[in-house]
Amino acid sequence: MLLVLKFGGTSVGSAQRIKDLVKLTVNEIPKIVVLSAMSGTTNALVEICDSLYNRNIIDATRQINNLKQNYFSEIKLLYTNKQCIEKANNLIENHFAYITAFTLDMFTANEEKAILAQGELLSTALFHYYLEEIKVDSVLLPALNFMRIDEDDEPNLPYIEKYIAEEINKHPNSNLFITQGYICRNAFGEIDNLKRGGSDYTASIIGAAIRSPEVQIWTDIDGMHNNDPRMVSKTHPIDELSFDEAAELAYFGAKILHPTCILPAKKRNIPVRLKNTLHPEAKGTLIANINTKEGIKAVAAKDGITAINIKSDRMLLAHGFLRAVFEIFERYKTPIDMITTSEVAVSLTIDNSKNLKEILVDLKEISQVEIDENQTIICIVGQLPKDKPGYANKVLEALKDIPLRMVSYGGSANNISVLINGNLKKDALQALNKGLFNYN
Ligand code: ADP
Ligand code: ASP
Ligand code: MG
């Protein structure tokens, strides 16, 4: 039985951080260690890709060289053994030669994915070499040999199960495996990824695939906090969350977890523990199939939301109108997040506006349509039993000075959501911190 431990960008962000991982990973407990790219690397690779797209070769070359120099500086601090230094030097030269080749050649979306994969390929190899230097046996599992998504970008769990088992079974005497987060292959076998922040998702997919006893997400904060610490000054960690509470928070913007990371773990009932690499002794947050305490536990915010108001007299006393609306969103594979209705109108929100133009054309055939862009969903999460009064009132009272574009309550016993103008996000999170959690 292998545990899954995932370490995010800051946890592998420097030579010292990589050395510090030894204390948390080298022991008798069999495990798979999933690593992100060193912090800043994926952002830098995105910038490099942008420059390559625009054929801005001077910028691309400068950005590539800057990133490469960072790696050379870190490995000087990481290794002392001559052979390891040489191996790491070659590794960096090879990966950056691969990236640099695109300054001379064509560059397409497929190649962008391949470039974005370099960060995780580098961090895992560097950690593996470091373990080699300190004489700890470990096995580097190539994620590209087993992580797959299907045509709908969903993890292909049967494939992953089969091929990760094959990779692991090649090493019957090993109990420390290392693999890359974030990267995968798509249905055509091309290099792809699980979207930004996707290493958490890798960890829970692997946890589900190998039926791990626990998935641990190690990061730079001591668990899921009640509010976004980047937006409000006072927050506290939450000891326990149910899968549903955590999934709502992750989906609605709590950056500590990738939006869909909880789903594979929930499916196989695998506890997920959030821990702080900087303070391993802190309790962190346990996410599991548990009945947590009643009450509001946390709030999160999701930006970049488009609200669509659909109005039609045909809706009045008629049936089948909503189906016609939903079919349009289904046709363009666009999920709806929030929805509110009146007798003659419906408002709903989407966060993926890739096909917005086409959706609007189709909607206008059956209704009048208005859109509001740059909206934010604020999601209030906890155990909010439907037969207990007061929760909606508390939220609305806390937000009394913020104009609310939509309110959604009663969809589940875990969530109250409101939609506000994106410019008011910070004010709303501060108001909720005061009104719900008594922070000033
Ligand atoms: P990693 O690189 O380890 O994946 P992330 O930066 O993706 O780390 O996630 C950790 C960060 O998430 C924290 O530093 C914190 O600023 C941010 N964050 C946002 N909302 C929350 C929340 N509700 N609880 C804890 N952290 C949060
Ligand atoms: N390195 C990727 C990113 O920065 C994946 C991750 O860190 O989870 O998005
Ligand atoms: Mg993350």
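A short reminder: the numbers here are calculations on the coordinates, not readings from a lab. None of the values given here were measured: they were computed from a predicted structure. Note that we place each Cβ from the backbone using ideal geometry, even for glycine, and neighbour counts take in every protein chain shown.
Are any of the pairs Lys255/Lys425; Lys234/Lys425; Lys266/Lys354; Lys283/Lys386; Lys195/Lys234 more than 26 Å apart by Cα-Cα distance, and if so, which? Beyond 26 Å between Cα atoms: Lys266/Lys354; Lys283/Lys386; Lys195/Lys234. One Cα centroid belongs to the range 1-50, the other to the range 98-115; the line between them spans 25 Å. Looking only at the range 414-440, which residues have a backbone nitrogen under 18 Å from a spot 7 Å from the Cα of Asp401 in the C-beta direction? Zone members listed by number: 420-440. Relative to the Cα centre, the charge distribution of the chain, modelled as +1 at Lys and Arg Cβ and -1 at Asp and Glu Cβ, gives a dipole magnitude of about 860 debye. Positive end of the dipole of the chain (Cβ unit charges, origin at the Cα centre): among Ile164, Ser51, Trp218, the Cα lying farthest that way belongs to Trp218. Each principal axis of the range 1-120 carries a Cα extent, and these read 50, 33, 20 Å when sorted largest first.
Entry for the range 353-440 at q = 0.16, 0.25 Å⁻¹: log10 I(q)/I(0) = -0.73, -1.22, Debye formula applied to identical alpha-carbon scatterers, no solvent contribution. Here's how it looks for Leu3: its modeled amide H is under 5 Å from those of Lys31, Ile32, which are all 5 or more places away or on a different chain.
Using C-alpha positions alone, give me the convex hull volume of the range 282-440 per residue in cubic angstrom.
On the way: hull volume 25.0 nm³, N = 159.
Once divided by residue count, the hull of the range 282-440 is 157 Å³.
Ranked by the mean number of other Cβ atoms within 10 Å of their residues, highest first, the peptides 270-282, 189-201, 81-93 fall in the order 189-201, 270-282, 81-93. The simple spin-label model puts a point 7 Å past each Cα toward its Cβ; for Leu356 and Asn291 those points are separated by 4.4 nm. One chain, two ends: Ala413 and Ser73. Fully extended at 0.36 nm per residue, the span grows by 117.3 nm beyond their Cα-Cα distance.
Assuming 0.692 mPa s and 37 °C, estimate D for the range 264-330 with Stokes-Einstein, Rh taken as the Kirkwood radius over Cα pairs, in µm²/s. Provide the component values of the computation, followed by the final result.
Numbers: Rh = 17.4 Å.
Answer, rounded: 189 µm²/s.
If you add up the charges near Asn156, with Lys and Arg at +1 and Asp and Glu at -1, over every other residue whose beta carbon is less than 11 angstrom from its beta carbon, what do you get?
Values: positive: Arg148, Lys162, Arg185; negative: Asp150, Glu151, Asp152, Asp153, Glu154, Glu161.
Local charge sum for Asn156: -3.
Were the residues from Asn90 through Tyr439 laid out at 0.36 nm apart, the gain over their Cα-Cα distance would be 120.4 nm.
Seen from a random direction on average, the alpha-carbon convex hull of the chain projects onto 23.4 square nanometres. Placing dummy labels 7 Å off each Cα toward the beta-carbon, the span from Gln83 to Arg55 is 4.8 nm.
Each residue, Ile366 and Glu132, gets one label point 7 Å from its Cα in the Cβ direction; the gap between the two is 6.0 nm.
Considering the range 53-130 at the alpha-carbon level, its Rg and Dmax are found to be 13.5, 41 Å.
Measuring from centroid to centroid over Cα atoms, what is the spacing of the range 250-284 and the range 405-440 in Å? Measuring centre to centre over Cα atoms gives 22 Å. Positive contributions from Lys and Arg (+1) and negative ones from Asp and Glu (-1), summed over other residues with Cβ under 15 Å from the Cβ of Asn226, come out at +2.
If eta is 1.306 mPa s and T is 10 °C, what Stokes-Einstein diffusion coefficient results for the range 198-340, Kirkwood Rh from Cα pairs, in µm²/s? Rounded, D is 93 µm²/s. For Lys87, a cut-off of 27 angstrom between C-alpha atoms picks up these lysines, skipping any fewer than 8 places away in its own chain: Lys6, Lys19, Lys23, Lys31, Lys68, Lys76, Lys113, Lys135, Lys170.
Please list 177-188, 22-33 highest first by mean number of surrounding beta-carbon atoms within 10 Å per residue. Please report the intermediate quantities before stating the final value.
On the way: 177-188: 22.6, 22-33: 16.3.
Highest to lowest by the protection proxy: 177-188, 22-33.
Treating r as the C-beta distance of Glu167 and Ala97 and R0 as 25 Å, the FRET efficiency rounds to 0.40. Annotation: peptides 111-117, 164-170, 121-127, ranked by per-residue average of other Cβ atoms within 10 Å with the highest first, follow the order 121-127, 111-117, 164-170.
Along its three principal directions, the equivalent ellipsoid of the range 112-211 from the Cα gyration tensor extends over semi-axes of 23, 17, 10 Å, largest first.
How large is Rg over Rh for the range 292-347, taking Rg from the Cα atoms and Rh as the Kirkwood inverse mean of 1/r across Cα pairs? Numbers along the way, then the final one.
Working: Rg = 15.3 Å, Rh = 13.7 Å.
That ratio is 1.11, to two decimals.
If N is the number of residues in the range 151-279, what value comes out of its Cα radius of gyration divided by 2.2 N^0.38 Å? Display every interim value, and only then the final one.
Details: Rg = 15.6 Å, N = 129, 2.2 N^0.38 = 13.9 Å.
Rg over 2.2 N^0.38 Å, computed on Cα atoms: 1.12.
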